[in-house]
Amino acid sequence: MKKICVIGTGYVGLVTGTCFADLGNQVTALDVNEEKIRDLQNGIMPIYEPGLAEMVERNVRAGRLSFTTSYKEGLKDAEFAFICVGTPEGVDGEADLRYVRAAAESIAENMDHPLIVVNKSTVPVGTGDWVADIIASKQPKPIDFAVVSCPEFLREGVAISDFMHPDRTVLGSTNPRAMEAVAQLFLPLRAPIMMTDLRTAEMIKYASNAFLATKISFINEISIICEKLGADVIEVAQGMGFDKRIGPHFLQAGVGYGGSCFPKDVKALAYMAQTHGMHPQLLTSVMEINEFQRRHVALKLHDLLGEIQGKTIGLLGLAFKENTDDIRESPALAIARHLLEQGAHVKAYDPEAMENSRRAVPEIEMCPDAYKVAENADALVVVTPWNEFKQLDMVRVRDSMKQPILVDGRNIYEPDTMKSLGFIYRGVGRGYDGNGIERSAAD
Ligand code: NAD
Ligand code: UGA
């Protein structure tokens with residue numbers, strides 16, 4: 001059992017703190033957002049992450065997990081302080097480090113015994129050294145501390161499983177003893193632990209996210225070519241994925257990657273390269289393709305509907321991916337904003353993300369379910385591949401629509417089935433769906 005303070009109770013902090021508590025440690029989760037902490041103390045979850053509410057409840061009941069807004073209380077007797085605050089996009093695409101700075105300053109001002117500061121936030125290369133400088137300069141009197149980088153690789157929607165069964169843990173520090181102590185926390189997970197220096201660990205995180213974003217943009221570009229040439233991107237990805245050097249993962253063509261990480265992290269890495277006089281050609285293309293992929297959905301609607309002005313368009317899904325309520329950089333909201341600007345009436349349903357979306361884009365008419373979205377719609381667009389959209393009563397959907405136009409931005413339906421039901425169907429990269437060459441003609 002170790003005493004751990006987790007700083008920031010967002011998607012990463014709350015999952016990290018709760019999972020460490022579940023492993024038997026004593027965790028205090030700290031946030032400067034008083035409402036969030038008050039809610040957590042009253043058993044109200046600030047986010048939707050499958051399985052998390054039950055795990056929080058269990059560990060609070062067992063006395064292993066508590067919440068505070070006080071750094072004094074959070075750091076009391078703690079051996080480790082995990083920084084898990086946000087690092088959003090700054091004005092020029094750089095990572096905004098104001099929350100990391102504030103956390104480092106508060107640690108320095110409130111620590112009263114030696115501490116290992118572990119940085120889990122995604123931060124530009126060199127930030128670990130900067131955090132160490134801040135802590136050293138802000139301590140009222142010198143107290144021993146070490147900084148360890150421990151980048152987080154979890155995905156929203158499957159965060160608990162990703163934390164408990166990681167592919168690897170990466171640690172970086174100039175202090176091998178501190179790194180060894182952090183490694184002990186991860187030993188029960190029985191995953192490879194790689195130890196390196198601070199800057200390399202920080203770079204591994206950016207390079208990993210940028211590579212995954214590159215895979216997505218690659219398959220999205222292939223999908224556009226498939227549409228023109230009459231090939232099916234799903235089978236192309238499958239055929240590629242059998243090759244062990246390529247692998248089957250992250251090759252799903254769609255509406256482009258969204259979320260709180262890929263968009264900002266690819267930009268931040270490009271920014272780091274640019275500020276050091278480099279031209280990050282590949283990263284620039286990855287971002288351009290991603291932008292285009294969102295526009296491509298709108299182009300399909302323009303193509304099928306002609307004038308968008310005055311049309312009613314239904315969106316299935318608002319979250320940036322399934323199984324989360326997170327709408328940060330959600331392709332759905334970008335598409336909704338574009339359609340609203342064109343004068344469309346936009347209706348939508350999402351199992352978890354409607355409250356957040358209502359605050360972000362109040363002009364969207366929120367519906368109680370997918371069928372209500374379809375009612376009187378001129379077109380229906382699948383933007384987030386929630387399971388509950390996959391086996392809808394499509395006859396009912398078709399019959400309630402003004403026009404049976406279905407743009408499947410996530411390829412959750414079979415083109416032939418949808419066409420046989422009478423839909424005018426457009427998937428992504430499915431060349432034979434009518435958007436490109438008919439498959440029979442190409443074969
Ligand atoms: P988030 O925005 O959901 O949560 C951040 C939390 O930090 C907020 O609750 C905020 O109130 C709190 N906070 C801000 N300043 C603080 C301070 N000075 N002291 C204490 N708390 C403070 O962010 P997130 O999505 O959990 O991401 C956190 C970091 O982890 C980011 O750097 C992100 O890039 C990285 N990351 C995120 C994910 C993910 O799936 N969301 C995965 C891997 C890495
Ligand atoms: C991503 C990474 O997968 C995590 O390893 C990382 O820790 C995290 O970013 C982070 O740094 O914050 P996350 O953004 O939660 O996790 O979700 P992903 O499953 O990676 O999806 C990101 C976006 O790409 C979503 O919009 C998703 O729909 C899209 N995507 C994903 C595709 O379009 N195609 C795919 O094949 C996979």
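The values are calculated or read from the model by the stated rules, or taken from the named source; none is laboratory data. This is a predicted model, so every value here is computed, not measured. All Cβ positions, glycine included, derive from the backbone under ideal geometry; neighbour counts span all protein chains shown. Areas reflect the complete protein model, heavy atoms only, side chains present, ligands, DNA and RNA absent. Shrake-Rupley method; radii C 1.70, N 1.55, O 1.52, S 1.80 Å.
Tell me which residues, restricted to region 320-336, are more than 12 Å from ligand 1 (Cβ to nearest atom), among the charged types (D, E, K, R) and within 15 Å of residue 293 (Cβ to Cβ). Selection gives nothing. Residue 322 meets the stated requirement of being in a loop (DSSP other than H, G, I, E, B), touching a Gly at 6+ places or on another chain (Cβ under 7 Å) and of a type outside the set (Gly, Ala, Ser).
Between 71, 48, 99, the distinction of being touching a Ser or Thr at 6+ places or on another chain (Cβ under 6 Å), among the aromatic types (Phe, Trp, Tyr) and in contact (Cβ under 8 Å) with a residue 40 or more places away in the chain belongs to 71 only. Considering region 138-160, and only residues there that are in contact with a Pro (Cβ under 9 Å, 6 or more places away or on another chain) and more than 10 Å from ligand 2 (Cβ to nearest atom), the residue that is most open to solvent (accessible area, probe 1.4 Å) turns out to be 144. Please specify each residue of region 33-54 satisfying the condition of being within 23 Å of residue 319 (Cα to Cα), among the hydrophobic types (A, V, I, L, M, F, W, C) and assigned to a helix (DSSP H, G or I). 40, 52, 53 - these are the residues of region 33-54 that are within 23 Å of residue 319 (Cα to Cα), among the hydrophobic types (A, V, I, L, M, F, W, C) and assigned to a helix (DSSP H, G or I). Within region 333-350, the set of residues being in contact with a strand residue (DSSP E or B) (Cβ under 6 Å, 6 or more places away or on another chain) and either open to solvent by 20 Å² or more (accessible area, probe 1.4 Å) or of a type in the set (Gly, Ala, Ser) (or both) comprises 336, 340, 344, 345, 348.
Taken over region 300-319, residues that are out of contact with any Gly (no Cβ under 6 Å at 6 or more places or on another chain), open to solvent by 10 Å² or more (accessible area, probe 1.4 Å) and not small (Gly, Ala, Ser) amount to 8.
Filtered by the rule that a residue be at pLDDT 95 or above and surrounded by fewer than 17 Cβ atoms within 10 Å (Cβ to Cβ), region 420-442 gives 420, 421, 422, 424.
Within region 259-289, restricting attention to residues that are hydrophobic (A, V, I, L, M, F, W, C) and within 16 Å of ligand 1 (Cβ to nearest atom), which residue is nearest to the chain's Cα centre (by Cα)?
Ranking the qualifying residues of region 259-289, first place goes to 261.
Annotation note: Cβ proximity below 7 Å between a residue of region 261-284 that is within 11 Å of residue 124 (Cβ to Cβ) and a residue that is of a type outside the set (A, V, I, L, M, F, W, C) and open to solvent by 30 Å² or more (accessible area, probe 1.4 Å) (sequence gap 6+ or interchain) occurs for 268/94; 271/92; 271/94.
Considering 209, 220, the condition of being of a type in the set (S, T, N, Q), over 16 Å from residue 431 (Cβ atoms) and modelled with pLDDT of 95 or more is satisfied by 209 alone.
Filtering region 185-216 to residues that are in a helix (DSSP H, G or I), in contact with a Gly (Cβ under 8 Å, 6 or more places away or on another chain) and hydroxyl-bearing (Ser, Thr, Tyr) leaves only 200. The residue pairs whose first member lies in region 240-256 and is open to solvent by less than 90 Å² (accessible area, probe 1.4 Å), whose second member is within 16 Å of ligand 1 (Cβ to nearest atom), and whose beta carbons are closer than 7 Å, counting only pairs six or more residues apart or on different chains, are 250/212; 250/216.
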